[in-house]
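First the structure, in the form of structure tokens, and then the observations on it.
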Amino acid sequence: MAGWARCKPIEATLRREAGRTLKPTLSWPHLVALGVGSIIGTGIYTLTGVGADRAGPGVVLAFGIAGVICAFAALAYAELSTLMPAAGSAYTYVYSALGEALAWLIGWSMVLEYLLGASGVAVGWSAYLVGWLHSQFGLDFPVWMLAGPLSGGLLNVPAVLVALLVAAFLAFGMRESATFNIVLVAIKLVALTAFVVLVAPAVQGKNFHPFMPYGFPSHVVGDAKRGVMAAASIVFFAFYGFDAVSTASEEAKRPGRDLTIGLLGSLGVSTLIYMAVSASAVGALSYTVFAKSSEPLALVQRALGHPVSAGWIAGAALIALPSVILVDMYAQSRIFFVMSRDGLLPRSLGKVNKSFGTPVVMTLLTGAFVAVVGGLLPLAKIAELANSGTLAAFSAVALSMMVLRIRRPDLPRVFKTPLWWLVGPLAIAGCLWLFTSLATSTMLYFAGWNALGLAVYFAFGFWNSRVGRGLELEPAEPAKAAAQER
């Protein structure tokens, strides 16, 4: 087998090295909250307006389509995460099923998913902060400190600050962070429920007509792609947080049960909430009013004469949106951690701090990257690029599930994807459909990012891979593991 196609044995994936093992501290409530905390965030609080701009009232259908495609992918994730309860998510599964080079590319693409995802949420949080301070206290700030160069400013200072604060908090310990995340998720769910209850009396049927003013397929209208599928391709950004649950596989107390509940439970809850909130917003106020807003839910409340509740909605977003940044940073730091443990990134980055049980250096580096991107780029650009990486990861996981079903039918599977021969292809087809609905420039950026990734792999990872050097074929003894440290 060519070096770039070498696979990491599944048995090796389940072994643990001394000093490079994460503590199993999470149960299913932590994992459901982890998924919901990542899923429900910027997508519903800020991208509702962007989606409505592209699809009109059809944004409700766009949320549903994105949720269904994610459900197919979630079934594949549930099977593989319980089969291989190790950190790394899609990267780990692809390494054992499809080979090292593809695994590297998926890990590299997931940088777009999680790092850009966290950056996008930081930008959304900044918008709500500015709107809340203005509506509550009449405070305004200069444009240069509220937006990056592409949006007429210099640096989005609030986005930078929230990213750095979350990174510092996450570095202190995963269990403490996960418990705190449950509190933030509860605040978020209460706020969204209150929004639906308050605006429901104002819902009017006329606001849903025409339901699809730009049609169903994605096509260019004016200066952007529009249609229900164009909206689905960007509101998809709001859903992919569920796969962050799989990155916690190694830290789950009972992975067989807890991971399945975490993955499917968080996705189901979030999809229902998304459709209810977007339908309420569109039904209560013409989408043309809030389509360009960076804080659409608060704007709807103010337009309906509820300034106090609008303040509470914005305040809840300020408190709860950092939970999404926390989960995305957590997921990315764990993926980098595993790539480092495998030798595809410098091994020195993958050490776990003895006091906190977390990869502190990797976590802080992740936070610094998120702060830079969030400080410089606008939300729409970040969301589309993040989606391209996520769609690649979802497709690869579905393909890995099918390959292992054929190649290794003997493996004990705690959870089996029903009708895997149908669910797998549907997940891949749905992801490809969404990918081709993205802006052409986004697809080109994605190709360029992965070309750079291949260059990095063949410059470093190919030569330093532990699998390539034969170090993952036999169980590592403590003395041997110490001697292999670099």
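The values are calculated or read from the model by the stated rules, or taken from the named source; none is laboratory data. Quick caveat, the model's predicted, so the values are computed rather than measured. Glycine gets a Cβ as well: all are built from the backbone with ideal geometry, and neighbour counts include every protein chain shown.
When you check Ser249 against the structure, is it out of contact with any Pro (no Cβ under 9 Å at 6 or more places or on another chain), among the hydroxyl-bearing types (Ser, Thr, Tyr), touching a residue at least 24 places away in the same chain (Cβ under 8 Å) and part of a helix (DSSP H, G or I), yes or no?
no
Yes or no, residue by residue, for (1) closer than 21 Å to Leu385 by Cβ; (2) at pLDDT 80 or above; (3) surrounded by fewer than 23 Cβ atoms within 10 Å (Cβ to Cβ):
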residue	(1), (2), (3)
Leu165	no, yes, yes
Phe172	no, no, yes
Gln204	no, yes, yes
Phe211	no, yes, yes
Ser218	yes, yes, no
Met229	yes, yes, no
Val245	no, no, no
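Can you tell me which residue in region 1-36 is nearest to Ala62 (Cα to Cα), limited to those that are modelled with pLDDT under 80, surrounded by fewer than 18 Cβ atoms within 10 Å (Cβ to Cβ) and of a type in the set (Gly, Ala, Ser)?
Ala5
What residue, of Ser286, Ser294, Ser249, is surrounded by fewer than 20 Cβ atoms within 10 Å (Cβ to Cβ), of a type in the set (Ser, Thr, Tyr) and over 15 Å from Ala33 (Cβ atoms)?
Residue meeting the stated conditions: Ser286.
Can you run down the residue pairs with Cβ atoms below 6 Å, 6 or more apart or on separate chains, where the first is in region 321-339 and over 12 Å from Gly117 (Cβ atoms) and of a type in the set (D, E, K, R) and the partner is part of a helix (DSSP H, G or I) and at pLDDT below 75?
Qualifying pairs under 6 Å: Arg334/Thr247.
Give the number of residues within region 218-238 that are over 30 Å from Ile325 (Cβ atoms) and either touching a residue at least 40 places away in the same chain (Cβ under 8 Å) or assigned to a helix (DSSP H, G or I) (or both).
Within region 218-238, residues that are over 30 Å from Ile325 (Cβ atoms) and either touching a residue at least 40 places away in the same chain (Cβ under 8 Å) or assigned to a helix (DSSP H, G or I) (or both) number 1.
Would you mention how many residues in region 219-260 are of a type in the set (A, V, I, L, M, F, W, C), in contact with a His (Cβ under 9 Å, 6 or more places away or on another chain) and closer than 14 Å to His30 by Cβ?
Count: 2.
Here is a check on your reading of the model: is Val68 among the β-branched types (Val, Ile, Thr) and farther than 28 Å from Tyr214 by Cα?
no
Mind checking which residues of region 87-109 are of a type in the set (S, T, N, Q) and part of a helix (DSSP H, G or I)?
Thr92, Ser96, Ser109 - these are the residues of region 87-109 that are of a type in the set (S, T, N, Q) and part of a helix (DSSP H, G or I).
Show the residue pairs meeting these rules: Cβ distance below 8 Å; 6+ apart or different chains; first residue within region 182-211 and under 15 Å from Gly58 (Cα atoms); second residue among the hydroxyl-bearing types (Ser, Thr, Tyr).
From residues that are under 15 Å from Gly58 (Cα atoms), the pairs are Asn207/Ser286; Asn207/Tyr287.
Can you pull out every residue in region 114-161 that is buried (at least 24 other Cβ atoms within 10 Å of the Cβ), in contact with a Leu (Cβ under 8 Å, 6 or more places away or on another chain) and farther than 13 Å from Leu376 by Cβ?
Val121, Gly124, Trp125, Ala127, Tyr128
What number goes with the only condition from (1) more than 22 Å from Pro378 (Cα to Cα); (2) modelled with pLDDT of 85 or more that Leu297 does not pass?
Every listed condition holds for Leu297 apart from (1).
Would you confirm whether any residue within region 395-404 is more than 19 Å from Val324 (Cβ to Cβ), among the polar types (S, T, N, Q) and either out of contact with any strand residue (DSSP E or B) (no Cβ under 6 Å at 6 or more places or on another chain) or not in a helix (DSSP H, G or I) (or both)?
Yes, region 395-404 contains a residue that is more than 19 Å from Val324 (Cβ to Cβ), among the polar types (S, T, N, Q) and either out of contact with any strand residue (DSSP E or B) (no Cβ under 6 Å at 6 or more places or on another chain) or not in a helix (DSSP H, G or I) (or both).
Return yes when Asp243 is of a type outside the set (A, V, I, L, M, F, W, C) and free of Cβ contacts under 8 Å to residues at least 24 places away in the same chain and no when it is not. Lay out the reasoning, then the answer.
Working: of a type outside the set (A, V, I, L, M, F, W, C): yes; free of Cβ contacts under 8 Å to residues at least 24 places away in the same chain: no.
For Asp243, the condition - of a type outside the set (A, V, I, L, M, F, W, C) and free of Cβ contacts under 8 Å to residues at least 24 places away in the same chain - is not met.
Of all residues in region 112-157, how many are in a loop (DSSP other than H, G, I, E, B) and touching a residue at least 24 places away in the same chain (Cβ under 8 Å)?
Of the residues in that region, 4 qualify.
Considering only region 255-278, state which residues are among the hydrophobic types (A, V, I, L, M, F, W, C) and buried (at least 22 other Cβ atoms within 10 Å of the Cβ).
Leu259, Leu263, Leu267, Val277
Restricting the search to region 284-320, which residues are free of Cβ contacts under 8 Å to residues at least 24 places away in the same chain and either over 15 Å from Gly131 (Cβ atoms) or β-branched (Val, Ile, Thr) (or both)?
Scanning region 284-320 gives Thr288, Val289, Gly305, Val308.
Since Phe415 meets every condition but one in (1) over 18 Å from Ile10 (Cβ atoms); (2) surrounded by 11 or more Cβ atoms within 10 Å (Cβ to Cβ), which condition does it not meet?
(1)
Only residues that are at pLDDT below 80, part of a helix (DSSP H, G or I) and of a type in the set (A, V, I, L, M): list them for region 37-69, please.
Matches in region 37-69: Ile39, Ile44, Leu47.
Name the helices (runs of 4 or more DSSP H) wholly within region 269-371 that hold at least 3 residues that are touching a helix residue (DSSP H, G or I) at 6+ places or on another chain (Cβ under 6 Å) and farther than 30 Å from Ala90 by Cα?
Fully inside region 269-371 and qualifying: 296-303, 307-320.
What is the one condition in (1) buried (at least 24 other Cβ atoms within 10 Å of the Cβ); (2) of a type outside the set (S, T, N, Q); (3) out of contact with any Gly (no Cβ under 6 Å at 6 or more places or on another chain); (4) in a helix (DSSP H, G or I) that Phe180 does not satisfy?
Going through (1) buried (at least 24 other Cβ atoms within 10 Å of the Cβ); (2) of a type outside the set (S, T, N, Q); (3) out of contact with any Gly (no Cβ under 6 Å at 6 or more places or on another chain); (4) in a helix (DSSP H, G or I) one by one, Phe180 breaks only (1).
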